Each structure stands twice: as C-alpha cells, then as structure tokens.
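Accompanying notes for the structure given below.
The values are calculated or read from the model by the stated rules, or taken from the named source; none is laboratory data. Only a predicted model underlies this, so the values are computations on that prediction, with no experimental measurement involved. Note that we place each Cβ from the backbone using ideal geometry, even for glycine, and neighbour counts take in every protein chain shown. Surface areas here come from the heavy atoms of the whole protein model, side chains and all, with no ligands, DNA or RNA. Shrake-Rupley method; radii C 1.70, N 1.55, O 1.52, S 1.80 Å.
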Amino acid sequence: MFGTDGIRGRAYRDVTPEMAARIGAAVVATFGCERVVVGHDPRASAGDLVQGLLRGLSGTRVDLLGMAPTPAVAFFSARDGVPGIVVSASHNPYRDNGVKIFGPGGRKLSDGEQEAVAAGLQSAAETPGSPAAAADAGGRLQTYLDAVASTVEPGAFTGLRLVVDGANGATSELAPALLGRLGAAVRTVACEPNGRNINDGCGAASPSLISAETGPGEIGLAFDGDGDRVVAYDRGLIDGDRIIALCGTDRHERARLAGSTVVVTVMSNLGLHRAMAEAGIEVVTVPVGDRHVLSALEAGGWELGGEQSGHVVFRDLATTGDGLLTAVQLLDVAVRRGARLGDLAAEAMTRHPQVLRNVSVGGDAAGVLTAVEPAVERAREALGETGRVLVRCSGTEPLIRVMVEATDEAEATAVAEGLAAEVERSSA
C-alpha cells in the first residue's frame with residue numbers, strides 16, 4: 001500500500017475520497033491526535049481528496065494550509081508536534097494523486113507506523129463522521145518562508161539572476177517570492193498552475209525546460225510538483241548528487257559536516273562516491289526513498305544526505321527533503337565562495353556515464369525481477385569494477401527501473417537497453 005513516498009495512484013480510481021476518509025481515520029487512530037495540519041498541491045483532484053480527509057479526521061482540529069509544499073507541512077508538523085498530511089503525487093502527472101503522512105515531529109512514518117496506518121485504513125469506515133473543523137491556515141506559510149530565509153544572511157542573493165521553474169506546482173508562488181526577498185532578480189517559467197499542468201514537461205523531473213530557459217549569467221532552479229526536490233542549471237545540470245557533493249565538501253572544509261559523512265541511495269552516481277573519498281568524506285548507501293536517508297542520518301548522527309533526483313535532506317535545518325531550503329543552501333555556497341555555481345558543481349565531482357531505462361510492467365513485478373536476475377548478473381560481471389548495474393521496482397509507479405553506469409556511455413547504453421529488453425520479454 002505504501003510506496004517509497006506514501007500512497008499514490010490514479011486519482012478517483014486508486015486514490016479516492018473514500019480512501020482519503022479512511023486514511024484520515026487511520027491517522028487519528030494511530031496517533032490519538034486532536035489536531036492535524038493538512039496541505040495539498042494544485043492538482044484538480046486535490047479538493048475532493050482533502051474533503052475526504054476531513055471526513056476521516058472527524059473530531060480533530062485541522063489547520064488547512066491550502067496549496068503548500070510538502071516540506072511546509074512537515075515544518076508545521078515538527079514545530080507543533082502534530083501529524084501532517086499532504087495530498088500530492090509529487091512528480092507524477094496530474095491524473096495521479098496520493099497521500100503523504102508525517103508523524104508528530106515532522107518525520108516520515110517508520111515501518112511500524114506505516115503498518116499501523118495501513119491496518120487502520122483497512123478497518124476504518126468509509127465515512128467515519130461529520131467533517132473535521134478546518135481552520136484556514138494559509139497565512140502561516142509566511143512563517144515557513146521566514147524559517148528558510150533565516151538559514152542565510154539577509155539579502156544574501158543580491159546580484160544573482162535566477163530562473164525558477166515551479167513545475168506548475170506547490171512552490172510556484174513561494175519560491176520566486178522568497179528568492180526575490182533574499183535579493184535575487186527572479187524570472188519564472190511553469191509557475192502558473194491550473195490543476196492539470198503540474199509536472200507537464202516542466203520541473204525537476206523534466207530538466208530540459210530549465211536548461212533551455214536559463215540564459216547566460218543566469219542560474220536555473222527547477223522544483224518538482226510538491227516542492228520537496230530541486231535541481232539547478234548553470235551551463236550544465238546540477239542534480240542531487242552534485243548538490244550533495246558540493247554542499248558536503250563545503251561543510252566538510254568548514255568543519256560543519258557531522259561525522260564527515262553523507263548518506264545517499266543506491267541510485268547515486270559512482271562519481272559521487274569517488275569524489276567524496278578523495279575529499280575524506282564517508283558515504284553511507286541506503287535503499288531508494290528519502291525516509292531511508294533520514295533514518296540513516298538520525299541513526300548515525302549525521303546531517304546531510306539525499307537522492308540524485310534532487311531530494312536533499314539537511315537534517316540540522318529540516319526534518320525532510322525541502323527543495324526551497326536546498327536551493328537556498330546551494331546558492332549560498334556559490335555566494336560565499338565568490339565563484340560561479342556551475343564551475344563549483346563541476347569541480348565537486350566527475351559524473352560517470354549513467355543510463356536509465358524505465359520499463360512498464362503489469363502484474364508480478366517481483367517475479368519479473370527474479371526472471372531477469374541471471375542477465376543482470378552477467379552484465380555486472382562484464383562491467384566489473386568499472387561500472388554498476390541496478391534493476392529495481394519503482395516505489396511510485398508500475399515500472400521496473402534499469403540503471404547502468406560505465407566509464408563509456410556507449411557501453412552503458414548498450415547494457416541498459418539489453419537489460420530493458422530482457423525485462424520487456426519477461427513481463428510479456
């Protein structure tokens with residue numbers, strides 16, 4: 001039921017208002033809460049799903065943030081010690097929607113909490129009671145922006161020229177406003193959400209738009225639909241790996257990287273691992289999903305980690321990945337060092353050619369993985385220590401993801417396409 005980032009599927013088919021009502025009731029039963037904070041991205045289905053949640057949250061007080069980035073909901077969940085719920089399908093197309101849940105304290109649910117919510121969801125009535133009393137809390141978003149702004153000096157970005165791609169999502173108004181407040185000259189693209197254009201050829205999952213729109217002397221920032229990830233562009237793409245490499249090295253050199261360690265997922269590029277080793281920074285690798293990153297950070301007492309997708313966690317500053325906070329931290333490195341961001345990012349790591357292929361599957365995806373394992377092992381043996389192969393089920397979509405790294409891009413492409421064809425044959 002829970003993927004790598006909450007519950008997600010086709011709106012009105014897989015994720016319905018009735019399901020939302022049961023989720024709300026399960027959250028109340030699991031945490032025994034009297035108050036909950038709720039936000040959503042601008043998808044057309046958000047209003048109906050929020051109304052379903054309110055039925056399930058009957059008997060509680062709901063602070064309704066309205067259209068708000070996922071990390072803003074986590075911020076208030078952490079500050080107020082109450083559960084937080086976000087109606088969003090993140091980087092998925094507008095037809096999809098989902099529900100993300102934060103426990104009191106602003107953290108993604110643990111395995112035990114997920115199991116408790118899932119069990120409660122199955123047993124809850126479809127319409128537990130009259131809707132919860134919802135208070136309009138949209139005005140509180142300024143407090144979240146104040147907190148992000150406080151992590152750098154006032155006017156820190158004076159003189160910077162930025163292009164912001166809001167993915168027609170939850171950060172479309174907030175990101176340009178905050179970056180302008182910090183002194184930058186901001187130009188926007190894909191910051192006009194209409195309920196159906198979220199992530200449509202834009203945002204962090206489609207960086208070709210920000211690369212095309214960013215002109216000489218500008219820095220591009222592309223957020224995803226719910227604002228928990230960001231990638232940058234400055235004469236080249238600056239993905240989550242480069243952000244972690246640059247911010248990690250900067251913190252390490254200032255003796256501000258706890259444990260001289262960063263946490264990444266299995267998708268991170270081999271070049272990041274080698275760059276961190278050269279810098280004297282340890283790398284801990286975990287499964288895909290920001291909650292795995294955060295769990296490892298907390299267990300080790302470390303502070304920086306994330307995913308290649310641009311989902312980066314600064315644990316000393318936030319309880320979850322925050323695209324706007326990440327953008328602010330990244331730009332601050334360039335400003336303090338007095339250098340061009342693109343040059344700093346290129347120096348931070350050398351990216352090894354990495355080829356990704358997504359293959360749609362139906363039915364038993366785990367069985368398909370088992371069937372292609374011999375082919376995967378042959379590919380690993382052929383690449384040896386000069387490359388890497390990862391084949392896994394997506395945690396958010398009905399896909400099997402094939403990732404191949406090699407010192408030569410043509411070789412990586414050939415291996416990835418061969419394995420993708422094996423997946424297609426096995427799933428037919």
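In summary, VAL313 fulfils each of the numbered conditions (1) modelled with pLDDT of 95 or more; (2) under 18 Å from HIS91 (Cβ atoms); (3) assigned to a loop (DSSP other than H, G, I, E, B) with the single exception of condition (3). Being under 28 Å from ARG337 (Cβ atoms), open to solvent by 40 Å² or more (accessible area, probe 1.4 Å) and of a type in the set (A, V, I, L, M, F, W, C) is not true of ALA175.
Of all residues in the range 271-295, those being hydrophobic (A, V, I, L, M, F, W, C), in contact with a Ser or Thr (Cβ under 9 Å, 6 or more places away or on another chain) and either assigned to a helix (DSSP H, G or I) or open to solvent by 60 Å² or more (accessible area, probe 1.4 Å) (or both) number 5. Listed by position, the helices (runs of 4 or more DSSP H) enclosed by the range 1-88 that each have at least 1 residues that are small (Gly, Ala, Ser), open to solvent by 20 Å² or more (accessible area, probe 1.4 Å) and modelled with pLDDT of 95 or more are 46-56, 70-80.
If you scan the range 192-214, which residues turn out to be under 12 Å from GLY169 (Cβ atoms) and buried (at least 21 other Cβ atoms within 10 Å of the Cβ)? If the condition is that a residue be under 12 Å from GLY169 (Cβ atoms) and buried (at least 21 other Cβ atoms within 10 Å of the Cβ), then PRO193, ILE198, ASN199, CYS202, GLY203, ALA204 are the ones that fit.
So, in the range 97-107, how many residues would count as being open to solvent by 20 Å² or more (accessible area, probe 1.4 Å) and within 14 Å of GLY6 (Cβ to Cβ)?
Of the range 97-107, the ones open to solvent by 20 Å² or more (accessible area, probe 1.4 Å) are 104-105, 107.
Checking the rest, the ones that are also within 14 Å of GLY6 (Cβ to Cβ) come to 107.
Of the residues in the range 97-107, 1 are open to solvent by 20 Å² or more (accessible area, probe 1.4 Å) and within 14 Å of GLY6 (Cβ to Cβ).
Do we find a residue being within 23 Å of GLN329 (Cα to Cα), in contact (Cβ under 8 Å) with a residue 40 or more places away in the chain and open to solvent by 10 Å² or more (accessible area, probe 1.4 Å) anywhere in the range 132-142? Yes, the range 132-142 contains at least one residue that is within 23 Å of GLN329 (Cα to Cα), in contact (Cβ under 8 Å) with a residue 40 or more places away in the chain and open to solvent by 10 Å² or more (accessible area, probe 1.4 Å). Quick check on the range 146-155. Is at least one of its residues in contact with a strand residue (DSSP E or B) (Cβ under 6 Å, 6 or more places away or on another chain), over 19 Å from ASP290 (Cα atoms) and either at pLDDT 95 or above or open to solvent by 60 Å² or more (accessible area, probe 1.4 Å) (or both)? Checked the range 146-155: no residue is in contact with a strand residue (DSSP E or B) (Cβ under 6 Å, 6 or more places away or on another chain), over 19 Å from ASP290 (Cα atoms) and either at pLDDT 95 or above or open to solvent by 60 Å² or more (accessible area, probe 1.4 Å) (or both). Pairs are defined by a Cβ separation below 6 Å, a sequence spacing of at least 6 or placement on different chains, a first member in the range 242-269 that is within 14 Å of ARG337 (Cα to Cα) and outside any helix (DSSP H, G or I), and a second member that is at pLDDT 95 or above and open to solvent by 10 Å² or more (accessible area, probe 1.4 Å); no pair meets this definition.
Inspect the range 296-307 for any residue being open to solvent by less than 10 Å² (accessible area, probe 1.4 Å), part of a helix (DSSP H, G or I) and within 24 Å of GLY395 (Cβ to Cβ) and give the result as yes or no. Steps first, answer last, please.
The first filter runs over the range 296-307 and keeps only residues open to solvent by less than 10 Å² (accessible area, probe 1.4 Å), leaving 297, 304-306.
Going one step further and asking which of them are part of a helix (DSSP H, G or I), we end up with 297.
Then keep just the ones that are within 24 Å of GLY395 (Cβ to Cβ); that gives 297.
Yes: one or more hits.
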